[in-house]
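Structure first, then comments.
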Amino acid sequence: MNDFVYHIPTKVYFGKDQLGNLGEELKQFGQRVLLVYGGGSIKRNGLYDRVMAELKQAGLDVFELSGVDPNPRVASVNKGAEICKREKIDVLLAVGGGSTIDATKFIGAAAYYDGDAWDLVIRKAPITNCLPIVTILTLAATGSEMDAGGVISNPETREKLVCGHPALLPRVSFLDPTNTYSVSAFQTACGSADIMSHIFEVYFTMDEDLYMLDCVMEGLLKTVIKYTPIAIKEPANYEARANLMWASSWAINGFVNGGKQKAWSCHPLEHELSAFYDITHGLGLAILTPRWMEYALNETTVSKFYQFGCNVFDMDKNMEPMLVAKKSIELLSEFFFKTIGLQSTLSEIGIDDTHFSEMARKACKGDVLAGFKPLKQQDIEKIYRMCL
Ligand code: NZQ
Ligand code: ZN
């Protein structure tokens, strides 16, 4: 295994009675706050009013940017950065899911840049600094509340790109599971598919590994499999929402990586789907993952799938490894497409093969995606076709 550095200084307030600390936490960074949120779910579920009451009580000066879209657009980022510069904002408060938090990260970085924020996303200009970010998470999925990355879309160029920098890490995150009670069954299922995919991207490797981290990842996967159906059936089940919320942060906050350097596989393929068709990230991942697994399974990789089947789905260790491997992929498909009710094919969500070739070329940047199974353009096209 490789050497690594683990440094995630995000302070987390977890639980239902923590919002009283919001004012003090924000005040340490200054007086002028930009509150960033999405399409209004926080107004419908009452969180907006509770946050505003806290900000008022703390005597902070509040500015607002609303309307951040799912698959957040660079236009929102530029708008937010303008407000930061004009109003001399000291600290950003993101209240929402991954899209709101990601947009806020790039607003914070673009506040220190005198050009189009897209330059930062495509790395034409370096991120040099970022305004301090505090988050209140409302959807368990991306882990953006505790990681240093963000994903921004540019509809003009049909691109959706990932970019990260340590300065983007939220300073403080409030994780109150009750704030996810109002998340729909569909978004709950998509969020869980996303959490699981973040783990798969690291878990599936033939490199020498840390046994301890494999056990943690298997535990996280079992947690998501156990609690997602409960959260869907009983949206206000605290235990289910709490388990999913904390799993979302730990799936991607760097802890489970243990120094692994391999490229991710399903995420780059999914980001092209979202870039071209604006679909929900977790849904794209759910459709792609079992097909990618089928494509990656062979005599060399079978032992990892066998481990997955035995340790996550409790399959019989005495069975033939290839049988366990195939069955584990079937069980995962059943979980995504039956138990938690996600659509199972691209055709069902209106996607045909028109852009597969271009999407596949972009996903591997015209070269090779050097992940668990190295994927070239023609491999990726085949996987997209398997999803039709
Ligand atoms: O916009 P509002 O009105 O808030 O509604 C949202 C949105 O429609 C709604 N929602 C959120 N919390 C809710 C709620 N509805 C009711 N009650 C609540 N408590 O859910 C919808 C989806 O929200 P969004 O923020 O888009 O979802 P998610 O958290 O899944 O974020 C997806 C974005 O994050 C990126 C994805 O690519 C996508 O752009 N990712 C970010 C990552 C990161 N920063 O590390 C990693 C991920 O792999 C991912 O790529
Ligand atoms: Zn993801």
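The magnitude of the dipole of the stretch 183-386, with charges of +1 and -1 set on the Cβ of Lys/Arg and Asp/Glu and taken from the Cα centre, is near 100 debye.
In this simple spin-label approximation, Tyr238 and Asp61 carry label points 7 Å from Cα along the Cα→Cβ vector, and these lie 3.9 nm apart. Remark: the stretch 90-199 carries a charge dipole of roughly 140 debye about the Cα centre, counting +1 on each Lys and Arg Cβ and -1 on each Asp and Glu Cβ. Most fluctuating residue of Leu323, Leu175, Leu342 in a GNM of the chain with Cα springs under 10 Å: which is it? Maximum among the listed residues: Leu323. Longest stretch of the chain clear of exposed loop sites (trypsin sites (Lys or Arg not before Pro), DSSP loop, at most 10 other Cβ atoms within 10 Å, sites excluded): 125-364. Positive-end ranking of Gly59, Asn45, Met1 along the dipole of the stretch 1-62, with charges on Cβ about the Cα centre, is headed by Asn45. Once you reduce the stretch 50-113 and the stretch 114-193 to the center of their Cα atoms, the two points are 12 Å from each other. Here the label points at Asp207 and Met319, each 7 Å from Cα along the C-beta direction, are separated by 3.0 nm in the simple model.
Note on Arg86 and Asn129: their simple-model spin labels are 2.2 nm apart, each label 7 Å out from Cα toward Cβ. Helices in the chain, meaning DSSP H runs of at least 4 residues, each add -39500 (n - 2.57). Divided by all residues, the mean residue ellipticity at 222 nm is -14500 deg cm²/dmol.
A short reminder: the numbers here are calculations on the coordinates, not readings from a lab. In this text the structure is predicted, and so the values were computed from the model without any measurement. FYI the Cβ positions are ideal-geometry reconstructions off the backbone, even for glycines, and counts take in every protein chain you see.
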